[in-house]
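Just so it is clear, none of the values below were taken in a lab; they were calculated from the coordinates. A quick note: this is a predicted structure, and the numbers were derived from the prediction, not measured. Heads up, the Cβs are rebuilt from the backbone with ideal geometry, glycines too, and the neighbour counts pull from every protein chain shown.
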Amino acid sequence: MAKVTSHLWFEKDARQAVEFYVATIPNSAIGRATDVAADNPSGPAGSVKIIEFVLDDQNFIALEAGPLDPFNHSFSVLVELDGQDEIDRIWNAFLDNGGKPEQCGWLKDRWGLSWQIVPKILGDMAAHPDRERSKRAMEAMLGMVKIDVAALERAFGETDFAAQR
């Protein structure tokens, strides 16, 4: 059986990043941590660290191996949440830990990794068959920094999503 794992290359502080992520995202845990036993292009034996972790049932590996390519927007971690309280809690945790807010529910954490902190209903609104309602919700979202669920629902119009929160 195949297993898919997202692999994140950190220049430094991978352990601190992983500890923050698992403390912030529900249903998360750190798994095995390994120091690479062989000399390699990133440094001598023991200098490269591998940390396996899970964020809400999604597998990740953090590799701390010195400078290479910085994180950028071509890869982000999407966190879909049930409601505004959880969005606020996680958003504020990232900002309080050195993150920087961006548009449309995106932020960059202090290590440069991009995150999308959004309500689960956003995908349903985007895919809704009433394209005018979908358009209003998406236009409202595009004007936001941190997502405001109530404002999305107002823009979308009468909603059957409230029961999902």
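Going by C-beta contacts inside 10 Å, put 48, 145 in order with the fewest on the left.
Numbers: 48 21, 145 13.
So the ranking, lowest neighbour count to highest, is 145, 48.
The label point for residue 50 and the one for residue 2, both projected 7 Å from the Cα toward the Cβ, are 2.0 nm apart.
Taking the Kirkwood radius as Rh and the Cα radius of gyration as Rg, the chain has a ratio of Rg/Rh equal to 1.05.
Report the calculated FRET efficiency for residue 120 and residue 15 (r = Cβ-Cβ distance, R0 = 30 Å), to the nearest 0.05.
Working: r = 30 Å, r/R0 = 1.01.
E(calc), rounded to 0.05, equals 0.50.
Label sites at residue 37 and residue 73, each approximated as a point 7 angstrom past Cα along Cα to Cβ, lie 4.4 nm apart.
Take 142, 78 and order them by how many other Cβ atoms sit within 10 Å, fewest up front.
Taking fewest neighbouring Cβ atoms as first place, the list is 142, 78.
Restricting the chymotrypsin sites (Phe, Trp or Tyr not before Pro) of the stretch 69-165 to loop positions (DSSP other than H, G, I, E, B) with no more than 16 neighbouring Cβ atoms within 10 Å leaves 75. Placing +1 on each Lys and Arg Cβ and -1 on each Asp and Glu Cβ, with no other charges, gives the stretch 6-64 a dipole about its Cα centre of roughly 60 debye.
State the antiparallel share, in %, of DSSP beta bridges confined to the stretch 1-118, rounding to the nearest 5.
Numbers: 19 of 29 bridges.
Roughly 65 percent of the DSSP beta bridges within the stretch 1-118 come out antiparallel.
Among the DSSP beta bridges whose two residues both lie in the stretch 65-165, what percent are antiparallel, rounded to the nearest 5? Within the stretch 65-165, antiparallel bridges account for around 45 percent of the total.
The calculated 222 nm mean residue ellipticity attributable to helices in the chain amounts to -9000 deg cm²/dmol, summing -39500 (n - 2.57) over DSSP H runs of n ≥ 4 and dividing by all residues.
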